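The values are calculated or read from the model by the stated rules, or taken from the named source; none is laboratory data. From a predicted model like this one, the values you see are computed outputs, not experimental measurements. We place every Cβ from the backbone using ideal geometry, glycine too, and count neighbours over all the protein chains shown. Note: areas computed on protein heavy atoms with side chains; ligands, DNA, RNA excluded. Shrake-Rupley method; radii C 1.70, N 1.55, O 1.52, S 1.80 Å.
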Number of protein chains: 2
Amino acid sequence: MTQSRFLRACRREAVDATPVWFMRQAGRALPEYRALRERYGFMEICYQPELCAEVTLQPVRRLGVDAAIMFADIMTPLIATGVGVDLVDNVGPVVAAPIQSLADVERIRPLDPAADIPYITKSVQLLKQELGTTPLIGFAGAPFTLAAYLIEGKGSRNFLKTKAMMYGAPEVWHALMQRLVDLTIAYLQTKVAAGVDALQLFDSWVGCLSPHDYATFVQPHTQRIIGALTGTVPFIHFGTNTATLLPLMQNDGADVLGADWRIPLDDAWQLIGAKAIQGNLDPAVLLGPWEYVRTQAADVLRRANGRPGHIFNLGHGIHPQTPVENLERLVEFVHAFEHKR
Amino acid sequence: MTQSRFLRACRREAVDATPVWFMRQAGRALPEYRALRERYGFMEICYQPELCAEVTLQPVRRLGVDAAIMFADIMTPLIATGVGVDLVDNVGPVVAAPIQSLADVERIRPLDPAADIPYITKSVQLLKQELGTTPLIGFAGAPFTLAAYLIEGKGSRNFLKTKAMMYGAPEVWHALMQRLVDLTIAYLQTKVAAGVDALQLFDSWVGCLSPHDYATFVQPHTQRIIGALTGTVPFIHFGTNTATLLPLMQNDGADVLGADWRIPLDDAWQLIGAKAIQGNLDPAVLLGPWEYVRTQAADVLRRANGRPGHIFNLGHGIHPQTPVENLERLVEFVHAFEHKR
């Protein structure tokens, strides 16, 4: 298992071919996922280990990716502690009672893994049996992104309520972040104990912040999560729109940093120094013709230049309308790519 | 007039105090604007020079900003040529028949300024009389942002239809951009002929692109617009989320580049070289308490460090819920700020 390309790349060891997986690879771009979703709801799949394993395995079987990522939603641990969240198709999470005050924060109770998420441990164990040598990634939403959902109530363009709380009621903000950090640590520790091979923290929305605000309101909390998991399995820290945050994020303790398409891969790698890097094709490129996909994927690979520590991925999750043929060909292309050194 | 702080800063000449104005300063953050909007529709205000002048002057009177920006919508020139666009409150422009094909593109006819936008010339002339020594900025939407509205039909998070056209039907994309460029040039030339003192191109959404895609699909078109206006009045090129695009944008011909809060002002200035810079406080900061606004504004000013060529502004438009007192105090603060050299 430790010989897998993906795990070797996380540790910046030499590999026989660039490892590749895709964020949201288990999802609506796959016809077999859509078929299953006609019969089962999103959370129903999360709660039933057999279904969770099936959905997690689908992209491994069809695409031949180098890692599986366990199917879940970033809101899963919050839902598990009783926070009212509705996962609405084509909208995302909708929070029943958005957080406005310290009293609201104090109603978020700690995660009790044995009681709240027994299905997680079962799903990991089942997946580990079925995956063979393919490593399994467990993920969690980063506290900024979780907090933003809890405060805004749903997705947002400008995160104004979130920022207004950060600036105007920092004690409420930090109390919320602390609860989310505790919950996330318990959640990720459960996944590690059950046997996942790597962890990824998804900070999809952190790129709305200035570097100052990241350092002041987010970074100490991210560092506490990563610090609590250090020494277990490789840790990937992913955000979008982080070109100017990467020099800060490189101090947060992760082994691998994600980068999106807004920054050329080699520029991003230079900013983060001696770490592995994951990325960074624009998932929208996969809506174009294969010839365009190929030239853009080749550009990413040329910028990585065969240096140990590159995990090929997208800069964000696969869009549901992505032609599955482009995904299949892209995996083949990445694996066959020969670096001219 | 050429002695105004704002115009001197555009030319990187020394100023007695840092000039300041705000994107969307004429808008819903001002009670006098909201009062007027109870009686008149958005386009009604655009079409009636007296109303347009009144709304444009409101922030100059109340806030004491160093420049006025003529009230309009980025869709104004398209609406003037008969493209069906509805400006929906709290949503933005909604396009009746989104563009999908070359035939759709060919239905966009050229702008005939005398027939289509006589009210623009009248509004500029009226404003020039009333403004005295305060300079007047005329603006236009940049072709990428206009094209994105026309293709998506409305605002978008991921611009997937827009990118799919760029990648899959580049001949349709470039034909659309060419028409938008012609239209924008005619629109801006009309404003210059009428007497505006500076121009600003708003590329609010360009930051969703990779540097490669900006260079391939957008930059030649932006350059043609700016080139056509070179030698007239100072030209400001503004986009959000452009930290990694600034090194390209600095070659597009503008005198001043905008930057948003995601990149520290001094880092942005270093990327763009010998140009003036406009920005870059996060408008969300203005939803916080004054003490926080003050520290963040001081940080921007310290990073500018009194070098000639800084125009203080936000990194994007004022949010409607901004307390007007914060705007009033911010203008005073910027004007009174003493640089320690």
Original post:
What are the residues in region A:187-206 that are farther than 17 Å from A:Met249 by Cβ and of a type in the set (S, T, N, Q), if any?
Top reply: A:Gln189, A:Thr190
Original post:
B:Val20 versus (1) under 18 Å from the mean Cα position of the chain (by Cα); (2) within 23 Å of B:Lys122 (Cα to Cα); (3) open to solvent by less than 60 Å² (accessible area, probe 1.4 Å): which is the lone unmet condition?
Top reply: (2)
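What residue, among those in region B:193-216 that are hydroxyl-bearing (Ser, Thr, Tyr) and in a helix (DSSP H, G or I), is farthest from B:Ile277 (Cα to Cα)? Break it down stepwise before answering.
Residues of region B:193-216 hydroxyl-bearing (Ser, Thr, Tyr): B:204, B:210, B:214, B:216.
Then keep just the ones that are in a helix (DSSP H, G or I); that gives B:214, B:216.
Numbers: B:Tyr214: 20, B:Thr216: 25 Å.
By that ranking, first place goes to B:Thr216.
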Original post:
Among (1) in contact with a Phe, Trp or Tyr (Cβ under 9 Å, 6 or more places away or on another chain); (2) open to solvent by 10 Å² or more (accessible area, probe 1.4 Å); (3) under 30 Å from A:Ala115 (Cβ atoms), where does A:Gln58 come up short?
Top reply: (2)
**OP:** Working only within region B:154-173, note down all residues that are more than 12 Å from chain A (Cβ to nearest Cβ) and surrounded by fewer than 16 Cβ atoms within 10 Å (Cβ to Cβ).
**Re:** B:Lys154, B:Glu171
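Go through the residues of region A:115-138 one by one and say whether even a single one is within 29 Å of A:Asp213 (Cβ to Cβ) and open to solvent by less than 20 Å² (accessible area, probe 1.4 Å).
yes
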Subject >> Selection count, region B:311-325, where residues are within 11 Å of chain A (Cβ to nearest Cβ) and touching a Ser or Thr at 6+ places or on another chain (Cβ under 8 Å) >> reply: 2
